[in-house]
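Presented below is the structure to which this report refers.
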Amino acid sequence: MLFIKMDELFAVVTPGLESVAWNEMQELGLNPLTKESGGVLFQGDLKTIYWANLNLRTVSRILIRLGHFHASAFSELRKKAGRLPWENFINPGQPISLRATCHKSRLYHSDGVIERVVGAISDRLGSFSNHQKPKDIEDANLHQLIVVRLSNDECTISIDTSGDLLHRRGYRLATAKAPLRETLAASIILASGWNKNQPLLDPFCGSGTIPIEASLLALGLSPGQKRQFAFMLWPNYDKSLWDNLLNVIQSTHPHELPLIQASDRDAGAIEMARANAKRAGVSDFIEFECRAISAISPPPDPGFLITNPPYGLRVNSNKDLRNLYAQFGNVMRSHCKNWNTAILCSDPKLLAQIGLKLDTTLRFTNGGISVILGKGIVP
């Protein structure tokens, strides 16, 4: 049996951050249904798709799960895929790219699966040959990505609505060593429990992603308002609906921001961070300083210290960072009494050098490295 759905949506999330995304979706009124490994299932219409892409901070992309059916032969795959309403999403001559995964299925050759689905699209739309491999496409927003998944002979075909990954907000053109993706920075800020009214400090700010994302969050600035999306090329794109949603978010008046401080001992990183903050429109709301961890000067009122300090595999595998982490702990005990902390690290033993009681609240990967988020309160 072939199931065609137009309202089943899937928010793709870094595995381990599904609960953070779930909570954010609830805050935005998106009504998540179920958590799956690597994402959250929800339902909605075009307005929901636009709103999710515009506002979600923790999600990598939004997919429409277009069709689900049994397929144990290539002929069956092509026939059933050809029944899907491709004309709603693909314009004549528009480049398309496909990604296919096959698991425990008689159709186990991903290139063969892609070939048949491309054929099915041609069958539905007429002559259509503008299929390109993802690596050959310069601008992700100019092509339509289609995701095919076969598992136990059950095929799910999804349409991407986002284009470029959603962490590409458009402001981070300059990066320091081992940058943190914007979606991951937003996730650890939300997971930290920061309420947007207390001071926030990042003493290892690098190119500024954590303080910039915190400022955008506190100001209520939607992360997607300065970029393009795949759905903008669909034949049924509703520009007036999109413009109305932009007007809604741009009419929101933020409350007064708390103090947000960001520092790094690398002068080049601070220069990059300032440039990124300016592009994001939040440079007036962040105090950037070039200083070592020993020289931080947080305000007296307790706040949140949220940071992504260097760890060996991420920056220099030959460098012993235990002394830095021990110093970091001493500085926090001296300067940040009663502050909340959320610290990202790849090694629990390294995190233990800080000398604080930190609970592991998240586990995920950053740049291919397994990391944990340690949370606690400085005594």
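Here, each number is a calculation from the coordinates, and none is a lab measurement. Note that the structure is a prediction, hence the values are computed from the model and not measured. Here Cβ is always computed from backbone atoms with ideal geometry, including for glycine, and neighbour counts include all displayed protein chains.
Table for the structure above
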quantity: Stretch gain in nm, segment residue 323-residue 290, where the contour uses 0.36 nm per residue and the Cα spacing is subtracted; calculated: 9.8 nm
quantity: Ranked by how many other beta carbons lie within 10 Å on average, peptides 226-234, 56-64 from highest; calculated: 56-64, 226-234
quantity: Sorted by Cβ neighbour density within 10 Å, fewest at the top, the residues 156, 14; calculated: 156, 14
quantity: Principal axis dimensions, the chain - Cα atoms, whole angstrom, descending; calculated: 69, 45, 35
quantity: Cα long-axis angle, helix 46-55 against the chain (0 to 90 degrees, to the nearest 10); calculated: 30
quantity: Anisotropy class of segment 257-379 from Cα gyration tensor, a/c 1.5 cut; calculated: oblate
quantity: Cβ-Cβ FRET estimate between residue 370 and residue 94, R0 fixed at 51 Å, reported to 0.05; calculated: 0.85
quantity: Contour excess over end-to-end distance, with Cα ends at residue 297 and residue 23 and 0.36 nm allotted per residue; calculated: 95.4 nm
quantity: Label point distance in nm, residue 125-residue 251, each placed 7 Å from Cα along Cα→Cβ; calculated: 3.7
quantity: Fewest-first ranking of 45, 347, using other Cβ atoms within 10 Å as the exposure measure; calculated: 45, 347
quantity: Förster radius 35 Å - calculated FRET efficiency between residue 359 and residue 152 (Cβ-Cβ, nearest 0.05); calculated: 0.40
quantity: Residue (of 69, 49, 84) at the positive-pole extreme of segment 3-160, dipole from beta-carbon charges; calculated: 69
quantity: For the chain: relative contact order, % (alpha-carbon pairs under 8 angstrom, 6 or more apart); calculated: 15
quantity: Cα centroid separation, segment 156-235 to segment 79-100 (Å); calculated: 30
quantity: On Cα atoms only, tilt of 322-335 relative to the major axis of the chain in degrees; calculated: 70
quantity: Value of relative contact order over segment 3-160, rounded to a whole percent, pairs C-alpha under 8 Å and six or more apart; calculated: 25
quantity: Inter-site label distance for residue 232 and residue 106 at 7 Å from Cα along Cβ, in nm; calculated: 4.5
quantity: Fully extended contour minus Cα-Cα distance, from residue 165 to residue 73, at 0.36 nm per residue; calculated: 29.9 nm
quantity: Highest average packing first - 274-282, 159-167, 286-294, Cβ atoms within 10 Å; calculated: 159-167, 274-282, 286-294
quantity: The chain, dipole about Cα centre (Lys/Arg Cβ +1, Asp/Glu Cβ -1), debye to the nearest 20; calculated: 680
